[in-house]
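These notes concern the structure reproduced below.
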Amino acid sequence: MNARTLVPCLSLLALAALPACSDTQIHGLEAELVVDPDHLDFGSVSVGAVETRSVRLLNAGEASLEILGLALRDGAPSLAFAGTPGRLGPGEETFVTVSFQPGGEGSVSDVLVVENTETDAPVEVPITASGSDLPPVPGSPDIYANPAGWSFGPVDVGQVFSAAFDVHNGGDGDLLLDSAHLAGDVAFTLSDGGGLPLTIPPGGEPTRLVVEFAPYGVQEFVTDLHVLSNDADTPDLVIPINGEGADVGSDGPVAVCSVSPPAAVQYDQLVWNGTASYDTGGRPIVSYVWTLSARPSGSAAAMTGSGATRTTTTDLPGSYTGELVVSNDLGQTSTPCTTTAVVSELELGDGPVAVCSVSPTSAFPFDTLTWNGAASYDPDGRPIVAWTWTISSFPTGSSAGLTGFGTNRTTVTDLAGTYTAGLVVTNDLGQASPPCYATSEVTPTEDLWIEMYWTHSGDDMDLHLLKPGGSLRTSGDCYYSNCTGGGLDWGVSGVTSDNPRLDLDDIPGTGPENINIVAPYSGTYTVVVNDYPGSVYSSSNPTTVNIYVAGALAASFSNNMLGGENWDWFVATVDWPSGTITPF
């Protein structure tokens with residue numbers, strides 16, 4: 001990128017005029033990116049001809065900014081640009097040259113995208129153009145230069161730098177270059193005039209002009225390179241050039257570094273600080289390079305962060321030394337500055353303590369249990385960084401789990417029985433606590449509760465409950481087809497408490513399934529399990545049925561289901577209201 005300085009530094013007199021009051025506020029310097037023009041319109045250009053336009057990028061602020069990238073968003077093949085990313089100091093500018101060479105008729109549009117450190121989003125410069133079938137006017141040259149402008153930036157007094165400019169003919173006629181000259185400060189000289197006068201035919205090779213910059217003082221220098229030609233639109237092509245004379249001085253930048261705390265304890269965080277660094281000539285510090293030059297043997301500690309400060313989390317006792325080298329905007333570097341922190345060994349305590357609970361401690365099927373570990377602590381005051389919950393024991397056949405993250409977990413119960421979960425907590429040193437256990441008892445509220453589960457997945461077992469006098473797969477049978485969530489009217493018509501309800505019907509897994517009645521009407525009920533046909537698992541599959549009466553487990557039955565697909569296992573009868581269970 002080619003930057004050109006336009007705005008001088010703030011006057012020292014202006015700074016001196018600031019009031020010396022105790023409440024004077026000093027605000028941070030800010031950059032400001034100005035793009036001119038904010039839209040490029042090439043108009044109508046003959047097919048095969050080349051037209052060029054320039055976009056000026058100016059830093060009108062008081063702090064540096066970076067042009068991070070330049071691109072044509074849509075990559076239109078008839079458009080091209082010349083320009084490179086780079087740094088723009090306060091008052092510096094750069095030029096991006098955009099050329100249009102239509103390959104056919106029709107409109108062309110694209111966007112020049114300028115990524116930078118100043119604006120939250122990339123700056124976009126819309127581009128519009130159109131190709132025309134009208135031939136170019138014979139003998140019509142079009143002059144343009146690449147680059148379209150140049151800034152030498154800071155150059156030490158007594159040094160000589162040069163810049164090259166290629167002058168092109170983008171038209172359809174011969175470009176007659178007459179002469180080139182500089183109009184500005186004598187610090188600039190035209191060291192190579194390109195052999196002018198000469199003629200560049202359409203599409204011919206460009207000629208190169210070279211300008212040298214030799215500053216003779218610490219100040220801003222500005223000139224313009226004029227190229228005279230027969231281009232009717234631009235007979236005098238002006239290329240702006242500037243530079244800055246710098247007094248590097250003998251000392252350059254000075255690195256000043258410190259670490260806090262200088263005496264630390266193992267696992268503490270060290271903060272390395274280089275903000276006090278400066279340049280003896282008053283130039284800005286633009287780079288802070290920190291390295292962890294020494295650390296205890298076996299340590300894996302590192303520096304993290306950016307800019308003038310870094311951080312290190314210590315892991316072993318011993319000495320930690322940070323080294324800082326700073327650079328100014330002229331590329332001068334300081335001698336290294338070193339600072340050391342001494343870290344003593346941490347005496348480890350007994351580690352953290354897990355404190356756990358569950359709510360409610362007495363629940364019903366399908367209630368949500370909340371496991372809480374927020375009261376866990378470390379007696380030495382170290383932070384708890386991990387809460388690891390595990391299932392200690394849930395009822396056999398339960399598919400319930402632990403969900404959530406952080407200190408708490410939740411469980412939606414599915415079977416009656418005892419639910420116990422364990423908690424282990426870990427502090428920031430990796431010490432783990434002994435486990436803590438919490439338990440909740442889940443008891444059905446229904447007078448009759450029947451649950452079933454099996455061993456191997458992929459085998460769809462179905463639970464059936466026949467009412468007194470009922471038969472399988474009729475309205476006298478509560479099963480998946482007619483009873484999921486209720487739907488049958490047994491006993492006294494219109495009374496819901498004596499009706500059956502299938503809460504769970506599991507097909508691909510291992511259950512559980514359950515059928516319950518809040519208050520059964522009198523008679524003998526029959527419990528049946530059917531091995532539903534068509535499932536992928538056809539081998540023996542141990543299946544369990546638990547029958548609860550008035551909230552207590554009254555009987556449990558198991559069967560290997562050797563009868564095969566579509567086999568009915570008649571499990572037991574339940575007499576009501578006696579609650580007598582008779583197995584088949």
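Ranked highest first by the average count of other Cβ atoms within 10 Å around their residues, in what order do 86-95, 434-443, 113-122 fall?
Details: 86-95: 22.3, 434-443: 16.9, 113-122: 14.7.
My ranking of the peptides, most packed first, is 86-95, 434-443, 113-122.
Please compute the length gained on full extension between residue 73 and residue 348, using 0.36 nm multiplied by the number of residues separating them and subtracting their Cα-Cα distance.
Values: separation 275, 0.36 × 275 = 99.00 nm, distance 5.80 nm.
The span from residue 73 to residue 348 would gain 93.2 nm if fully extended.
Within 12 Å, Cβ to Cβ, of residue 569, how many net charges do the neighbouring residues add up to if Lys/Arg are +1 and Asp/Glu are -1?
Details: positive: none; negative: 462, 531, 568.
Result for the local shell: -3.
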- Query: Okay, which of the stretch 446-460 sit inside 20 Å, backbone N to the point 7 Å along the Cα-Cβ direction of residue 364?
  - Reply: 446-452
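With a sphere of radius 13 Å drawn around the Cβ of residue 145, what net charge do the other residues whose Cβ falls strictly inside it have (Lys, Arg +1; Asp, Glu -1)? Spell out each step's value before the answer.
Numbers: positive: 53, 208; negative: 142, 166, 224, 231, 236.
Its environment carries a net charge of -3.
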- Item | Table column - 3J(HN,Hα) (Hz), the stretch 265-278, Karplus curve with 6.51, -1.76, 1.60, x for Gly and Pro | 10, 3, 6, 6, 9, 9, 10, 8, 10, x, 5, 7, 4, 8
- the stretch 428-492 and the stretch 98-174 have their Cα centres apart by a whole-number Å value of 77 Å
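Just rank 244, 347, 124, fewest to most, by other beta-carbon atoms within 10 angstrom. Show your work: numbers first, answer last.
Details: 244 22, 347 8, 124 14.
Going from sparsest to densest Cβ surroundings: 347, 124, 244.
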- What nm distance separates the two modelled labels at residue 582 and residue 537, each placed 7 Å from Cα along Cα→Cβ? 3.3 nm
- Can you list the HN-Hα couplings for the stretch 255-264, worked out from phi with the Karplus curve (6.51, -1.76, 1.60; θ = phi - 60°), rounded to whole Hz and with x for Gly and Pro? 8, 10, 10, 8, 9, 9, x, x, 10, 10
- Query: Using mean Cβ contacts within 10 Å as the protection proxy, how do 277-285, 422-430 order, highest first?
  - Reply: 422-430, 277-285
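Nearest 500 deg cm²/dmol is fine: what mean residue ellipticity at 222 nm does the chain get from its DSSP H runs of n ≥ 4 alone, each adding -39,500 (n - 2.57), divided by its residue count? Intermediate results must be reported in sequence, preceding the final value.
Working: 1 runs with 5 residues, N = 584.
Calculated mean residue ellipticity at 222 nm is 0 deg cm²/dmol.
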- Task: Looking at the chain, send over the antiparallel percent of its DSSP beta bridges, to the nearest 5.
- Result: 90 percent
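FYI, it's all coordinate maths here, none of it is from the lab. Nothing here was measured: the structure is a model prediction, and the numbers come from that model. When we count neighbours, we look across all protein chains shown, and the Cβ atoms used for this are built from the backbone with ideal geometry, even at glycine.
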